[in-house]
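These notes are about the structure you will find just below.
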Amino acid sequence: MEYVIEMNHITKEFGDFKAVDDVTFKVKKGEIHALLGENGAGKSTLMSILFGLYQAENGDISINEKPVKINNPNDANDLGIGMVHQHFKLVHNFTVLESIVLGKETTKNGFLKMEEARNKINKLSEQYKLKIDPDARISDITVGMQQRVEILKMLYRDNDILIFDEPTAVLTQQEIDELMKIMKDMTEEGKSIVFITHKLNEIKAAANRCSVLRKGKYIGTVDVSVTSKEEMSEMMVGRKISFVINKDECTSEEPVLKVQSLTITNKETKKDKVNNVSFNVNKGEILCIAGIDGNGQSELVQGITGLLPLTSGKILLNNEDVTKSSIRQKCIAGFAHIPEDRQKYGLVLDYSLKENAVLQTYYEPKFQKNGFIKFDAVKEYAKKLIDEFDIRSSQGEDSVVRGMSGGNQQKLIVAREIDRDPDIIIAVQPTRGLDVGAIEYIHKQLIAQRCTGKAVLLVSFDLDEVMNVSDRILVMYEGEIVGDLNPKETTVQELGLYMSGTKRSVYNEA
Amino acid sequence: MKHKLKFSLMNSSWGVSFISAAMAIFIGLLFGFIILLISNSREAVPGFFAILQGGFADGAKGIGDMLYNAIPIILTGLSVGFAFKTGLFNIGASGQFTMGAFVAIFIGIKWTFLPGHLHWIVALTGALIAGALWGLLPGILKAYYNVHEVISSIMMNYIGMYLVNILIVKNIHDKIKNQSLPVAKTAIIPKAGLDKIFETNNMNIGILIAILAVIVIYIILSKTTLGYELKACGLSPTASKYAGINAKNKIILSMLIAGALSGLGGGLLYLAGSGKYLQVVDILAPQGFAGISVALLGMSNPIGILFAGLFIAHLTVGGVNIQLYSFAPEVIDIIISAIIYCGAFSLLFKNIILKINKRSSRQEASK
């Protein structure tokens with residue numbers, strides 16, 4: 001069998017930490033090979049070595065069965081290796097055509113000669129059904145289209161080995177389905193694809209084989225068609241993970257949070273980021289706001305919690321008007337907020353774990369007396385949170401939060417917010433960037449809260465999360481609620497139609 | 001095990017900070033020595049030793065001079081450092097200092113109706129309040145109108161300087177010397193025998209008041225809810241907003257306290273009875289800017305500021321002494337600047353130390 005990529009016994013250390021430890025990774029010609037692992041398992045490091053961004057301490061690499069040395073991305077490019085990064089690297093005010101040829105322009109006597117490039121791009125675009133307009137500006141096209149521009153960049157450079165780093169994170173379900181098809185078409189043309197992900201559904205849908213990494217170590221390679229999702233996730237995490245979340249019915253009709261005709265106008269653009277939005281969150285309910293990033297969800301939450309001023313509308317908590325209340329008053333009234341940007345809003349990064357544990361409660365009598373903080377009480381409290389919520393850090397309650405891992409930072413916020421015993425928990429993307437174990441844990445916590453009669457407002461861009469956790473789904477599109485769905489009766493595909501604005505079932509009265 | 005002990009100083013984060021500060025000072029001094037060499041190579045070595053000796057050249061009197069020089073810059077240093085902890089750059093320490101000095105002198109001259117043992121206390125309190133008001137205004141402008149405190153407090157420096165010039169001329173002018181009149185004896189800060197110990201007339205309990213201020217600020221910053229809030233606002237304005245901390249309030253309060261500290265510094269210097277008078281000149285008080293250096297060198301930590309203030313005062317006394325070797329005392333300013341400049345590289349020094357640590361621990365591992 002012919003291998004296009006052979007990485008043998010690769011080891012990469014960062015200081016004392018072995019990010020990749022004796023990993024062997026082989027990709028056959030013409031296959032889609034998934035690289036599966038949790039965050040920090042070493043997937044990206046391994047691919048960065050292949051792409052020439054890092055040098056391995058040990059091991060050797062062969063491309064098309066010839067031993068090679070890849071010192072930088074240009075070497076990788078010359079060997080026909082291309083990479084689509086998780087965060088696209090595009091110039092926003094360039095056209096599609098300009099973006100693709102950037103760095104490999106066709107010129108004559110120092111002047112650009114775009115026609116040749118344009119023809120090639122049009123041909124490629126047709127061949128792989130990428131449906132791209134070469135003259136559109138990057139800033140005007142959707143994220144899905146931008147990704148296709150990245151793909152075209154690789155194809156334009158005649159790359160035969162394509163690496164996709166978590167390509168589906170930013171896409172809707174429809175776009176994901178199309179991407180899968182494009183990937184399959186490309187393998188039929190003889191390209192080989194490495195597909196980095198931690199989403200098992202996508203591996204099942206697209207990949208031929210799958211290699212699993214865990215904590216920098218190579219666990220094994222399996223044939224996707226004969227391996228179940230459960231088996232793969234066990235390889236990835238090292239223990240069994242339940243995908244089905246057990247939820248008892250405990251939703252009541254009693255509204256905890258009422259949002260009435262909320263409108264938030266952006267001061268600079270004068271556009272309504274949130275346009276006349278109304279909904280209730282009931283006791284014992286997880287209400288999920290689904291939608292593609294940037295459709296007003298962030299502003300909606302910031303408006304409700306008090307971080308952004310409202311243009312108009314009303315907010316009621318337990319039938320009391322809290323529209324004009326300060327953030328502190330809302331906090332006392334029973335609001336808890338797990339913010340979207342945990343490092344910017346949720347934590348003072350240079351404070352220690354214990355200082356962050358009392359970020360909204362330091363002024364309460366149990367933590368202060370006559371204006372002096374009772375550090376013993378704060379320490380005890382932080383220890384309690386650490387024990388109960390399994391927050392891991394190098395120096396316990398004295399660890400500086402900046403040095404903690406993202407998952408443990410998030411656990412600290414979740415612990416703090418839940419432990420304040422609020423009536424409503426507003427969580428935005430609470431599991432973004434976390435590994436499977438931490439995601440499972442946070443979902444369980446949110447569901448446990450719901451079962452004790454609290455209300456949860458969850459904003460998420462992750463459709464699996466939306467479908468699994470919520471009791472009710474509202475879809476937000478361009479600042480408006482366009483759908484009110486029951487997760488048991490809807491499908492991911494239908495959600496995608498609402499999220500992309502193709503379908504609508506809720507209309508503003510105004 | 002032995003190895004671990006050897007590097008325990010370099011491994012603790014406090015130790016690394018200390019070493020990097022020491023490296024900054026060393027390189028700054030080295031730079032100063034080069035300057036001395038260039039300007040007068042024959043006298044460079046004795047001149048340099050005079051600087052190093054600083055306040056210790058003259059026995060108790062030298063130390064007394066050093067402490068006397070340290071008092072105002074410890075307070076302006078605290079002022080700048082305290083505001084900095086809240087994320088504000090109080091460049092207006094100079095104006096606050098001048099306002100404090102004027103009010104102290106004014107009360108010292110005019111309010112002779114006060115009983116003797118209260119007079120100096122009232123005068124100092126007046127200085128404190130005047131400085132606080134001068135800090136308050138930029139604070140309010142920042143909190144409510146988002147006017148950057150650097151701009152407004154620079155303006156306040158000039159307003160303060162000219163206003164004080166006008167007020168001196170109108171009220172307490174010594175026309176012959178073009179300066180303020182001498183204050184009443186009751187307004188002079190008690191010496192409590194310190195002048196005898198240090199054999200200098202400049203010494204008084206001002207140094208104790210300065211140390212008290214250091215302790216109070218240290219307690220506010222590290223033990224109280226107010227300090228917790230102020231530091232949170234400085235470290236992360238967004239997270240403190242999320243936590244429901246009233247940032248407007250904190251900005252105003254922080255500037256108020258910072259101003260009070262500078263004002264107190266002005267009062268302490270001009271009520272020392274050391275023969276120092278407010279001159280009617282168009283020059284901003286240099287103690288305000290020295291405060292920035294002190295705060296930077298002390299890394300905005302109150303205890304650090306105390307020692308940074310003493311250290312810079314030590315060099316300043318040395319700077320006076322090098323005039324014996326026909327150097328200009330301004331050389332000291334260059335050395336201090338070089339130290340501050342190197343202080344900005346302390347992160348670089350830190351990284352170097354950490355790299356050395358790592359290499360040695362790796363060698364240990366490979367043995």
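Each reported figure results from applying straightforward, stated rules to the coordinates on display, with no laboratory input. Predicted model only: the values in this text are computed from it and were never measured. Neighbour counts run over all protein chains shown; Cβ positions are idealised from the backbone, glycine included.
See the values below:
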item: Taking A:235, B:155 and counting other C-beta atoms within 10 Å, the order from fewest to most; result: B:155, A:235
item: Summed side-chain charge close to residue A:283 - residues other than residue A:283 whose Cβ falls under 10 Å, Lys, Arg +1, Asp, Glu -1; result: -2
item: Max mean-square fluctuation residue, GNM over chain B, Cα-Cα springs under 10 Å, options B:127, B:258, B:213; result: B:213
item: Rg followed by Dmax, in Å, when chain A is reduced to its Cα trace; result: 24.9, 78
item: Inter-chain Cβ neighbour average for residues B:231-242, partner chain, 10 Å; result: 6
item: Using a Förster distance of 56 Å, the FRET efficiency for residue A:321-residue B:22 (Cβ separation, nearest 0.05); result: 0.40
item: Counting DSSP beta bridges with both ends in chain A, the antiparallel % (nearest 5); result: 55 percent
item: Shape of the protein assembly as shown, Cα gyration tensor, a/c cut at 1.5; result: prolate
item: Residue (of B:31, B:50, B:298) at the positive-pole extreme of chain B, dipole from beta-carbon charges; result: B:298
item: Candidate lysines for bridging to residue A:267, where Cα separation is under 26 Å - those fewer than 8 sequence places away on the same chain excluded; result: A:258, A:314, A:324, A:330, A:344, B:142, B:241, B:248, B:250
item: Cβ-derived FRET efficiency at R0 60 Å, residue A:383 paired with residue A:126, nearest 0.05; result: 0.40
item: Net dipole in debye of the protein assembly as shown [+1 Lys, Arg Cβ; -1 Asp, Glu Cβ; about Cα centre; nearest 20]; result: 2600 debye
item: Chain B - mean residue ellipticity at 222 nm from DSSP helices (-39,500 (n - 2.57) per run, n ≥ 4, rounded to 500); result: -25000 deg cm²/dmol
item: Sites residue A:405 and residue B:147, calculated FRET efficiency, Cβ-Cβ separation with R0 30 Å, nearest 0.05; result: 0.15
item: With Cα atoms, 0 to 90° folded angle of helix B:59-85 axis to chain B main axis; result: 80 degrees
item: Cβ-based net charge around residue B:251, under 14 Å, with every Lys or Arg adding one and every Asp or Glu removing one; result: +4
item: Percent RCO, i.e. relative contact order, over the stretch A:52-147, from Cα pairs under 8 Å lying at least 6 residues apart; result: 25 percent
item: Three-way shape label, chain B, alpha-carbon gyration tensor, a/c 1.5; result: oblate
item: HN-Hα J in Hz across the stretch A:375-385 - Karplus 6.51, -1.76, 1.60, θ = phi - 60°, x for Gly and Pro; result: 5, 5, 5, 4, 5, 4, 5, 4, 4, 4, 4
item: Relative contact order (%) - chain B, alpha-carbon pairs under 8 angstrom, separation at least six; result: 35 percent
item: Unit charges at the beta carbon, dipole of the protein assembly as shown: most positive-side option, A:72, A:102, A:322; result: A:322
item: Fewest-first ranking of B:242, A:351, A:441, B:270, using other Cβ atoms within 10 Å as the exposure measure; result: A:441, A:351, B:242, B:270
item: Inter-label distance, nm, simple model (7 Å from Cα along the C-beta direction), residue B:197/residue A:268; result: 5.9 nm
item: The stretch A:159-180-the stretch A:385-412 distance, computed between alpha-carbon centres (Å); result: 33 Å
item: Crossing angle, helix A:436-451 versus chain A [Cα axis fit, 0-90 degrees, rounded to tens]; result: 30 degrees
item: Residue-averaged 222 nm ellipticity for chain A, from DSSP H runs of 4+ at -39500 (n - 2.57), nearest 500; result: -9500 deg cm²/dmol
item: Anisotropy class of the stretch B:52-122 from Cα gyration tensor, a/c 1.5 cut; result: oblate
item: For residue A:368, distant residues with modelled amide H under 5 Å away; result: A:374
item: Net +/- balance of residues flanking residue B:139 in space, Cβ distance below 10 Å, scoring K and R +1, D and E -1; result: +2
item: For the stretch A:151-310, share of DSSP beta bridges that run antiparallel, in % to the nearest 5; result: 70 percent
item: Lys/Arg +1, Asp/Glu -1 at C-beta; the stretch A:347-421 dipole; positive extreme among A:391, A:414, A:349; result: A:349
item: Among beta bridges that DSSP assigns inside the protein assembly as shown, antiparallel share in %, nearest 5; result: 60 percent
item: For the stretch A:199-209, 3J(HN,Hα) per residue [Karplus equation, 6.51 cos²θ - 1.76 cosθ + 1.60, θ = phi - 60°, Hz, x = Gly/Pro]; result: 9, 6, 4, 6, 5, 4, 6, 10, 7, 8, 10
item: Sequence of A:219, B:251, B:332 once ranked by neighbouring C-beta atoms within 10 Å, starting from the fewest; result: A:219, B:332, B:251
